[in-house]
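Student: Structure incoming, see below.
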Amino acid sequence: MAENTEANRDAKHGMALGLTLWAIIVISVAFFFKYDVPELASDRGSQDTIYYVILGITGVAYILVQGVLGFYVWKYRHRDDEEGSYWHESHKMELLWTIGTTVVLVPIVAWGLVLWEDVKAAPPTDVLTIEAVGAQFQWDMRYPGPDGTFGAWRPELYTLENYMGLDPDDAAGADDIMMTNQMVLPVDTPVRILLRSRDLQHAFFLPNFRVKQDLMPGIETSVWFTPTKIGEYEIACAELCGLGHYRMRAFLSVRSQADYETWLSEQSAAN
Ligand SMILES: [Cu+2]
């Protein structure tokens, strides 16, 4: 009968640790299969491809490394009559993992740079431009109105009433359409969103569109993409921006060109 010695307890701990490592592998891999990224609704599907390729490579590496770690923790658990051995420096191993990671990482980085080039390319000249202004804790949208031109704004004009900081002397702003926590876009049309912040850093995040762009007070940033699927989606803030961050949530409706135009003329009439 095994005695309840300290050595015996160590051996049991070794076995428990090995099994725990394997259990963590199984549970985490199961979660990756259970949950997927949100449904794609834009022309940025190539980002999903690189995401799945990277997830596959790191997933296999994770299972191998953790699996082997669990195996060794179990195999070389404490035994009374054995002593651990230790060695250091293996030229062959170092060459192997340096070349191995280089061969895997260099193509991924090159591929990522090509995609980044796409994301940061200049939008087409006929792009539809809309503005989104982030503030604790809401999104204010602005459409240029029938004249197609945004009225000027200045940060020093921000007040509770003039929450977009619009210049009252600029006639181009008179027909601008503004709304809070709601955006409507036409499908299959390239859109550029101009982004600015009224207070601190926020991030304009459209999970279904693979779009995420920071907003900073004092400068204007922008992002462009093409919605490809009619539907109702969520706009989130991806920057922990204060106590109400969780409710900095808006809605994006992608509609057919005809439905979009009807909606836009209704907004103009109501303005
Ligand atoms: Cu925010």
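Student: Counting just the residues of the stretch 242-271 that are part of a loop (DSSP other than H, G, I, E, B) and touching a Gly at 6+ places or on another chain (Cβ under 8 Å), which one comes out nearest to residue 213 (Cα to Cα)? If you could, list the steps in order and put the result at the bottom.
Tutor: Kept after step one, since they are part of a loop (DSSP other than H, G, I, E, B), are these residues of the stretch 242-271: 242-244, 248, 256, 271.
Restricting the remaining residues to those that are touching a Gly at 6+ places or on another chain (Cβ under 8 Å) gives 248, 271.
Values: 248: 15, 271: 29 Å.
Result: 248.
Student: Condition first: among the aliphatic types (A, V, I, L, M) and either within 13 Å of residue 19 (Cβ to Cβ) or surrounded by 13 or more Cβ atoms within 10 Å (Cβ to Cβ) (or both). Now tell me which residues in the stretch 66-77 satisfy that.
Tutor: 69, 73
Student: Output yes when any residue across the stretch 196-210 is assigned by TED's automatic domain parsing to the domain that holds residue 142, part of a strand (DSSP E or B), surrounded by fewer than 16 Cβ atoms within 10 Å (Cβ to Cβ) and basic (Lys, Arg), and no when none is. Please lay out each step first, then the result.
Tutor: Taking the stretch 196-210 as the starting set, the residues that turn out to be assigned by TED's automatic domain parsing to the domain that holds residue 142 are 196-210.
After this cut, where a residue has to be part of a strand (DSSP E or B) as well, the list is 196-197, 202-206.
Then drop every residue that is not surrounded by fewer than 16 Cβ atoms within 10 Å (Cβ to Cβ), which leaves none.
Scanning the stretch 196-210 turns up no residue that is assigned by TED's automatic domain parsing to the domain that holds residue 142, part of a strand (DSSP E or B), surrounded by fewer than 16 Cβ atoms within 10 Å (Cβ to Cβ) and basic (Lys, Arg).
Student: Might you check whether a residue that is within 15 Å of the ligand (Cβ to nearest atom) and in contact with an Asp or Glu (Cβ under 8 Å, 6 or more places away or on another chain) occurs anywhere in the stretch 148-160? Can you show your working first?
Tutor: Taking the stretch 148-160 first, the residues within 15 Å of the ligand (Cβ to nearest atom) are none.
Within the stretch 148-160 (the criterion being within 15 Å of the ligand (Cβ to nearest atom) and in contact with an Asp or Glu (Cβ under 8 Å, 6 or more places away or on another chain)), the answer is no, since none of the residues qualifies.
Student: Looking at the stretch 226-241 only, could you name the residues that are more than 16 Å from the ligand (Cβ to nearest atom), without any contact (Cβ under 8 Å) to a residue 60 or more places away in the chain and part of a strand (DSSP E or B)? Steps first, please.
Tutor: Of the stretch 226-241, the ones more than 16 Å from the ligand (Cβ to nearest atom) are 226-233.
Of the ones still in play, those that are also without any contact (Cβ under 8 Å) to a residue 60 or more places away in the chain are 230, 232.
Of everything in the stretch 226-241, just one residue is more than 16 Å from the ligand (Cβ to nearest atom), without any contact (Cβ under 8 Å) to a residue 60 or more places away in the chain and part of a strand (DSSP E or B), namely 232.
Student: Against the definition (outside any loop (DSSP other than H, G, I, E, B), among the hydrophobic types (A, V, I, L, M, F, W, C), in the same structural domain as residue 134 (by TED's automatic domain parsing) and over 28 Å from residue 37 (Cβ atoms)), how does residue 164 come out, yes or no? Lay out the reasoning, then the answer.
Tutor: Working: outside any loop (DSSP other than H, G, I, E, B): no; among the hydrophobic types (A, V, I, L, M, F, W, C): yes; in the same structural domain as residue 134 (by TED's automatic domain parsing): yes; over 28 Å from residue 37 (Cβ atoms): yes.
No.
Student: Hey, among the residues in the stretch 211-225 that are not small (Gly, Ala, Ser) and not in a strand (DSSP E or B), which one's surrounded by the most Cβ atoms within 10 Å (Cβ to Cβ)?
Tutor: We begin by selecting, within the stretch 211-225, every residue not small (Gly, Ala, Ser); these are 211-217, 219-221, 223-225.
Okay, now just the ones that are also not in a strand (DSSP E or B), so 217, 220.
Values: 217: 15, 220: 12.
My answer is 217.
Student: Which of the residues belonging to the stretch 34-47 are part of a helix (DSSP H, G or I) and either surrounded by 14 or more Cβ atoms within 10 Å (Cβ to Cβ) or touching a Cys at 6+ places or on another chain (Cβ under 7 Å) (or both)?
Tutor: Looking only at the stretch 34-47, we keep the residues that are part of a helix (DSSP H, G or I), and these are 34, 45-47.
Within the stretch 34-47, 46, 47 qualify.
The values are calculated or read from the model by the stated rules, or taken from the named source; none is laboratory data. What you see is a predicted model, and the numbers here were worked out from it, not measured in a lab. Every residue, glycine as well, gets a Cβ built from its backbone with ideal geometry; the counts of neighbours run over all protein chains shown.
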